[in-house]
Amino acid sequence: MKNFLSLILLSGLVAGGSLFAQSNAECEIQNLKCVSHHLTNGLYVDLYRKNGVGKTSLHMAVENNNTEAARLILQTDLGVISLTDAGGNTALHRAVSLNEKGMVQTILDFSPDVNLEDRNGETALDLARAAGYLDLIDLLSTRGGISKKENHSSTTTIWLYLVYIILSILVTVWVARTLSGNGKVFLVDAFKDAELANSVNHLLVVGFYLINLGYITMALKIGLKPNDMVEAVEILSNKVGIVILLLGCMHFFNLYLFGRLRKRTLLKKELGVES
């Protein structure tokens, strides 16, 4: 009996030690439950730590629209409100970009500097106006928000959009015409009917255009606005590169389909089966 009680006591001590160690272990930045637990119980949390993309726990609270965690963080240290992520956005800028009115109100309740600027020199009110978020515009304006940029259209950004669209469409048209012209030979050989082959070829080209032009349109939005030509070229090369990779994948997929059709045709010839 004594040994049994000793075993229970030892297990309790081990479990208690484990919980104690866990409660004092550093929370991961994105683990808002752990961060909230530590802050609620007066345990230390380094709120100035950042992850690989420069986000703090406050940024993560905004990303997850967790107003309770955000309130605990701001109550503990209001200084984190000025920290920016890798994109140059403060937590307030991110809340406005995500159109999270409740989160914006939570942050403003702590009376921070509402006119902090991001990497592009824009305030939270600038972002709200650019996106047309009327409720946030009224909220920020009543709390002293001012606009630092009257003109939201950067000449560099506009040129970047135009060059991206033109290059992407030109590459898409070139690849589509190449596939159409050379793929027709495979289709005629596979179907033994020129009219049917032309019809299938046309449908494949239409589908090719729809998928690629749809992606090009969706990828038009730029996460970061370039501050100079160097950044503009980097962003442009990244976006056009992704489009080219997508076109390459579809190109090899079409080759795979044509190869299967060709293989089927040859097999039928060997077996003497009429198409």
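Here are some notes:
- Only aspartates and glutamates eight or more places from Lys184 in sequence, or on another chain, were considered; those with a Cα closer than 20 Å are Asp193, Glu195.
- Segment 30-108: equivalent-ellipsoid semi-axes (sqrt of 5 x gyration tensor eigenvalues, Cα, Å): 18, 14, 10
- For segment 82-198, the ratio of Cα radius of gyration to the globular rule of thumb 2.2 N^0.38 Å stands at 1.83.
- Remark: C-alpha extents of segment 94-138 on the principal axes read 25, 20, 16 Å, sorted largest to smallest.
- Between the alpha-carbon centres of segment 103-122 and segment 36-88 there is a gap of 14 Å.
- Segment 195-211 and segment 232-255: distance between their alpha carbon centers, rounded to Å: 21 Å
- Computed on protein heavy atoms with a 1.4 Å probe, the accessible areas place Asp118, Asp138 in the order Asp138, Asp118, largest first.
- Carbon and sulfur %, accessible surface of segment 65-108 computed with the full protein complex present, 1.4 Å: 42 percent
- Remark: spin-label model distance Cys249-Asp193 equals 3.3 nm, labels positioned 7 Å along the Cα→Cβ axis.
The values are calculated or read from the model by the stated rules, or taken from the named source; none is laboratory data. Remember, it's a predicted structure, so these values are computed and weren't measured experimentally. Note that we place each Cβ from the backbone using ideal geometry, even for glycine, and neighbour counts take in every protein chain shown. Surface accessibility is based on the protein's heavy atoms, side chains included, excluding ligands, DNA and RNA. Shrake-Rupley method; radii C 1.70, N 1.55, O 1.52, S 1.80 Å.
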